[in-house]
Every structure is written in structure tokens, then in C-alpha cells.
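Below you'll find the structure, written out as C-alpha cells, and then a few comments.
The values are calculated or read from the model by the stated rules, or taken from the named source; none is laboratory data. None of these values were measured; they are calculated from a predicted model. Ideal geometry is used to build each Cβ from the backbone, glycine not excepted, and the neighbour counts take in all protein chains shown. The accessibility values were calculated without ligands, DNA or RNA, using every heavy atom of the protein model including side chains. Shrake-Rupley method; radii C 1.70, N 1.55, O 1.52, S 1.80 Å.
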Amino acid sequence: MTGPQRMAPPPADDDEDEPEVSRESVARDRRRDRDRAAAEARQTMTRRSWYTKTTAADAFQAAVDDIHHSTRVPKHEVVAALLEAAVAQSERVQRKLGRSHASHQ
């Protein structure tokens, strides 16, 4: 039977192969991945179909055209900005619609 053997330390150049892993590097990598995913999501395009009154659709189209022609910003960016503005007003719209449709309460 042989006695206990001591393990030798790894060669000095062994650490160079492995990246440094620390709480900070893990957090940094997670932030980078989250930011990359958010940037990709912002660039993803979609097409949706909703039915609405013709007057509302015409007014929306006129607003898109006016902003596009005055700024030369691509129409898809104008549409996105208008939709984001509408979302920011969604609570106000909900309150307004709630008052006008009291029978649904």
C-alpha cells in the first residue's frame, strides 16, 4: 500500500486557458446578454391586423404621412413612435372608455 499522495499545483500557464469567473464577470455577462436581447427585440419587425373605424385609420395614416414627410424618418419608426405614445396614454383612454361604457361594469 502506498501512502497518501500530494497533488501538485497546476502549471503556471494553466490559468491562461480559463476566463476569470467572478460575481462581477457573471453580472457583466448577464447585463450584456440582456442588453443584446433587448436590442434585437427593438429591431424585430412585426405585422398586425386590427379592425377599426375608417375615420380612425385614415387619421392615423395621415399622422404617419405628415410626420414622415416633415422628418423623413422611415414610416415604420413613425408608426412605432405613435404606438408607443398611445401606450403611454392607455390608462387615460381606459378611464375614458370606462365612463362611456358603464354597462360593462
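Of everything in segment 55-83, what is under 20 Å from the mean Cα position of the chain (by Cα) and assigned to a helix (DSSP H, G or I)? Give them in sequence order.
Selection gives 75, 76, 77, 78, 79, 80, 81, 82, 83.
Sort out which residues of segment 84-105 are open to solvent by 100 Å² or more (accessible area, probe 1.4 Å), over 19 Å from the mean Cα position of the chain (by Cα) and not small (Gly, Ala, Ser), and write them in order of number.
The answer is 91, 92, 94, 95, 96, 99, 104, 105.
So the check is Cβ under 7 Å with 6+ separation or different chains; which pairs have a first residue in segment 66-89 that's closer than 15 Å to residue 45 by Cβ and free of Cβ contacts under 8 Å to residues at least 40 places away in the same chain and a second one that's outside any helix (DSSP H, G or I) and open to solvent by 90 Å² or more (accessible area, probe 1.4 Å)?
Close Cβ pairs (under 7 Å, with a partner that is outside any helix (DSSP H, G or I) and open to solvent by 90 Å² or more (accessible area, probe 1.4 Å)) amount to 76/45.
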